Amino acid sequence: MRVAFVGLGTMGFPMAGHLVRAGFSTTAFNRTAATAARWAEEHSGRIAPSPAAAATEVDVVCLCVGADDDVREVVLGADGVLGALRPGAIIVDHTTTSAELAEEIAARTAEVGVGFVDAPVSGGEAGAMAGRLSIMCGGDPETIERARPVLAAYGATITRIGPVGSGQLTKMVNQILVAGAVEGAAEAINFAIAAGLDTDLVLSAVAGGAANSWYLANRGQTMVRDEFDFGFAVDWMRKDLRICLAEAGRRGIPLPMIELAERDLAAAQADGEGGLDTTVVIRQRRRATRPGGAGGEVSPAS
C-alpha cells in the first residue's frame, strides 16, 4: 500500500515513522516545513508541499491534526486530500473531533467513492512512540479491514465500534475516564501533601490496591514534584472535554465531573499553563488549600 500521513505533531510524527519502518511507501505533509524536514531526515520518508500532493496516487491517507476545522481544511480545502484521491482510496482520521464532523466528512467522501474511517487514538506520546496505541474505529467493516494493515503499524488494539462517528464517541468516553482519573489523582495527592504524609510511601501503598491508576503510577511523583513540562497539554485536553460537553448537551446527558474538570483546565490556561501536562490541575487544588493545617502551608514545591 502507498500511504500519506498529514499532521506530524506530537502523535503524528512517530506514527508516520512507524509506517516507514513497516515498509509502507509513505509521503507526509505538515504545515510547519521545518518539522516535515526533520521527520524526513529521521525516517527517510518523503514530504509533500500540500495535503493534495501527499495524497496523489496513494491508497490510504491518515490524518492527525488539531481540531474540526483543521480536518475540514486538509480534507475539503483547495489543497485538500479529497480532490487528489482516486475512487477506492481511504481516509483515516486519527484527530479527536466531534462525531458530527466525522459524519460530515464521510458524507462528502462517499460522493466521490472514497472510504472514510474515524479512528481517534489513545495512549499518548509514549504509546505513539512505542507503536502501541489503542485505535477506536467508526466506519464500514470492509473499509476498516482494508485499512487495518496500515493501522497495525502503530496500533496495539484496533477496534471497530460501529458506524462512522462511533470512534469519536468512544474517544469521548476515553477522555471522560481520563479526566476523572486526573481530577482524582490531583485531589488525592494534594490531600496527602496537605496532611503532611510521606508521599513516596502513600503512592507505594495505594498503588498496590484498587485505587491505583495509570495516572497515579505514571504521573503521581511528577505531580508531587510540580513537574509538568511533558505529556498531554491542557490546551488539547480542554478542547477534547468541550467536545464531550457539547455532545452530552445535545443528548441530554449530565457530565458534572467533566464540567468541573473543564473549569480547572480553563483556570490553568488563564494562569498561563495551557502548554503543560494536564496533571498541572493539581495546582488549582494547592492554591485553594488553606495553609496552617497538619501539613503546614502548601506551596507548589511542597
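The values are calculated or read from the model by the stated rules, or taken from the named source; none is laboratory data. The shown structure was predicted, so the numbers you read here are calculated from the model rather than taken from an experiment. Note that we place each Cβ from the backbone using ideal geometry, even for glycine, and neighbour counts take in every protein chain shown. Note: accessible area is taken over every heavy atom of the protein model, side chains too, but ligands, DNA and RNA are not part of it. Shrake-Rupley method; radii C 1.70, N 1.55, O 1.52, S 1.80 Å.
Which residue pairs have Cβ atoms under 6 Å apart, sit 6 or more places apart or on different chains, and have a first residue in segment 33-59 that is more than 21 Å from Arg21 (Cα to Cα) and a second that is open to solvent by 50 Å² or more (accessible area, probe 1.4 Å) and not basic (Lys, Arg)?
Hits for this filter: Ser50/Asp79; Pro51/Asp79; Ala52/Asp79; Ala52/Gly83.
Could you pull out every one of the helices (runs of 4 or more DSSP H) wholly within segment 148-239 that has 3 or more residues that are buried (at least 20 other Cβ atoms within 10 Å of the Cβ) and more than 16 Å from the chain's Cα centre (by Cα)?
166-194, 214-224
Taking the conditions exactly as written (in the same structural domain as Gly12 (by the TED database), crowded, with 20+ Cβ neighbours inside 10 Å and closer than 25 Å to Arg2 by Cβ), does Pro120 satisfy them or not?
yes
Which of the numbered conditions does Val65 fail, given that it passes all the others? Conditions: (1) within 22 Å of the chain's Cα centre (by Cα); (2) over 30 Å from Leu276 (Cβ atoms); (3) of a type outside the set (Lys, Arg).
Failed condition: (2).
Looking only at segment 270-289, count every residue that is in a helix (DSSP H, G or I) and surrounded by 14 or more Cβ atoms within 10 Å (Cβ to Cβ) and tell me the total.
Of the residues in that region, 9 qualify.
Any chance segment 168-188 includes a residue that's among the β-branched types (Val, Ile, Thr) and closer than 16 Å to Cys64 by Cα?
no
Could you tell me which numbered condition Ile135 fails, if it satisfies all but one of (1) open to solvent by less than 10 Å² (accessible area, probe 1.4 Å); (2) in a helix (DSSP H, G or I)?
(2)
Within segment 1-14, which residues are in a loop (DSSP other than H, G, I, E, B) and under 18 Å from Val75 (Cα atoms)?
Matches in segment 1-14: Gly7, Leu8, Gly9.
Which residue pairs have Cβ atoms under 6 Å apart, sit 6 or more places apart or on different chains, and have a first residue in segment 101-117 that is farther than 15 Å from Arg86 by Cα and a second that is among the small types (Gly, Ala, Ser) and part of a helix (DSSP H, G or I)?
Val117/Ala147
Could you go through segment 251-259 and let me know if any residue there is farther than 24 Å from Asp69 by Cα, of a type in the set (A, V, I, L, M), without any contact (Cβ under 8 Å) to a residue 40 or more places away in the chain and surrounded by fewer than 17 Cβ atoms within 10 Å (Cβ to Cβ).
Yes, there is a match, as at least one residue in segment 251-259 is farther than 24 Å from Asp69 by Cα, of a type in the set (A, V, I, L, M), without any contact (Cβ under 8 Å) to a residue 40 or more places away in the chain and surrounded by fewer than 17 Cβ atoms within 10 Å (Cβ to Cβ).
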